[in-house]
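Structure first, then comments.
Derivation of every value follows stated rules applied to the coordinates shown; laboratory data play no part. Model, not experiment: these values are computed from the prediction. Because the Cβ atoms are built from the backbone with ideal geometry, glycine has one as well, and the counts that use them run over all protein chains shown.
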Amino acid sequence: MSSASERREELKAVFHQSQGCVKCPQLAAGRTTVVFGSGHADADLMFVGEAPGANEDKQGVPFVGQAGRLLDTLLGEIGMTRGDVFVVNVLKCRPPGNRDPLPQEIDNCQDYLFRQLELIEPKVVCTLGNFATKLLRADPTGITRLHGRAEERLIGPRRVRLYPIYHPAAALYTPSMLEILRTDFHRLPALLALPAPEQPEPEPVVVEEPEPEPVIPEPELIYEQQLGLF
Ligand code: URA
């Protein structure tokens, strides 16, 4: 198991690697920045949104627009700040016109998210809306059915409490949804107070035995064998 400072250094390396990413040519051509994610590198709570919008693309930081302000307000209501958590998106680059992420783009980008989860080691992963929830549950069930229900899930090598809630952008203009989001959000401190999910045994490191060198008999010996001279 790596130390917090080793994980932090590796997270920085993944950040630098992501900055030159061209796996999605359309997104790479249209972006101003790659919005890697921000917050506490060793946070117990990680939020996973959808994709950067125009403000995030300009500033290089997730959730800095209106939805971000709502996220900050809700965090404040539970006594937390952005500095206590880590915030990322499923896509690190802004889709043109804020269209939905395409399946191929999610596929191209997901390794960054899985690495972030592995290196930050959060206890609770709070998915905001459908895209993050479907990706991290590897299941098409939507947020309307799942919001507010925490479940233990194995994501890559780590077991986490996955907690889907509505996306703040969806709640901005719908007061009834905002109330549900707020109720769900206020359960986060209780989830964080639970013991961290037990981690699976690390995969045993299989040390491959080198193939034994084939024994090539001396030429004379072959000759002798053929002659039956033993
Ligand atoms: N801003 C983000 O960074 N992500 C979203 O999903 C929405 C707004």
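Which trypsin sites (Lys or Arg not before Pro) in the range 89-155 pass both tests, a DSSP loop state and at most 12 other beta-carbon atoms within 10 Å?
Sites meeting the loop and neighbour criteria: ARG99, ARG149.
For the residue pair LYS23 and PHE114, what label-to-label distance in nm results when each label sits 7 Å from Cα along the Cα-to-beta-carbon direction?
For the pair LYS23/PHE114, the computed spacing is 0.9 nm.
Relative contact order for the range 93-192 using alpha-carbon pairs under 8 Å, separation at least 6, rounded to a whole percent?
Working: 97 pairs, mean separation 24.2, N = 100.
Result for the range 93-192 is 24 percent.
Hey, in the GNM for the chain with a 10 angstrom Cα cutoff, which one of LEU194, LEU154, LEU74 fluctuates hardest?
Highest fluctuation among the options: LEU194.
Cα-Cα pairs above 20 Å in the range 1-61: how many percent?
Counting every Cα pair in the range 1-61, those more than 20 Å apart make up 34 percent.
According to the square roots a ≥ b ≥ c of the eigenvalues of the Cα gyration tensor, what is the shape class of the range 7-100, taking rounded for a/c under 1.5, prolate for a/b larger than b/c otherwise, and oblate for the remainder?
oblate
For CYS126, what residues show an amide H to amide H distance below 5 Å, using hydrogens built from the backbone and excluding near sequence neighbours?
MET46, PHE47, VAL48, TYR163
Just the Cα atoms of the chain: what Rg and Dmax do they give in Å?
Radius of gyration, then largest Cα-Cα span, for the chain: 24.2, 96 Å.
To make sure I understand, if each residue's beta carbon is the centre and we count other beta carbons within 10 Å, what order do ILE165, ILE106 fall in, fewest to most?
Working: ILE165 27, ILE106 20.
Neighbour counts put them in this order, fewest first: ILE106, ILE165.
Compute a Gaussian network model of the chain, connecting alpha carbons closer than 10 Å, and tell me which residue from SER18, SER176, SER38 fluctuates the most.
In the Gaussian network model the winner is SER176.
With a cut-off of 8 Å between alpha carbons and a minimum separation of six or more residues, what is the relative contact order of the chain in percent?
Once normalised by length, the contact order is 19 percent.
Regarding the range 134-174, what is the average projected area of its C-alpha convex hull, in nm²?
Computed as one quarter of the Cα hull surface, the answer is 3.2 nm².
Treat the count of other C-beta atoms within 10 Å as a stand-in for reagent exposure and order ILE120, ILE78 from fewest to most.
ILE78, ILE120
Given the chain, what percent of its DSSP beta bridges are antiparallel, to the nearest 5?
So the antiparallel bridges in the chain amount to around 35 percent.
For LYS92, go through the lysines and keep the ones whose alpha-carbon is under 18 Å away, minus same-chain ones fewer than eight residues off.
Excluding near neighbours in sequence, the set is LYS12, LYS23, LYS58, LYS134.
Springs between alpha-carbon atoms under 10 Å, Gaussian network over the chain: tell me which of VAL34, VAL205, VAL125 tops the mean-square fluctuations.
VAL205
Compute the longest continuous run of the chain that contains no exposed GluC sites (Glu not before Pro); treat a site as exposed when its DSSP state is not H, G, I, E or B and it has at most 16 other Cβ atoms within 10 Å.
Working: sites that count: GLU198, GLU208.
Looking at the chain, 1-197 is the longest stretch - no exposed GluC sites (Glu not before Pro) with at most 16 other Cβ atoms within 10 Å.
Run the helix sum for the chain: -39,500 (n - 2.57) per DSSP H stretch of 4+ residues, divided by residue count, reported at 222 nm to the nearest 500 deg cm²/dmol. All intermediate terms of the calculation are to be shown ahead of the outcome.
Values: 11 runs with 100 residues, N = 230.
It comes out at -12500 deg cm²/dmol, rounded to the nearest 500.
For a footprinting-style exposure proxy, rank VAL160, VAL206 by other Cβ within 10 Å, fewest first.
Ascending number of Cβ neighbours within 10 Å: VAL206, VAL160.
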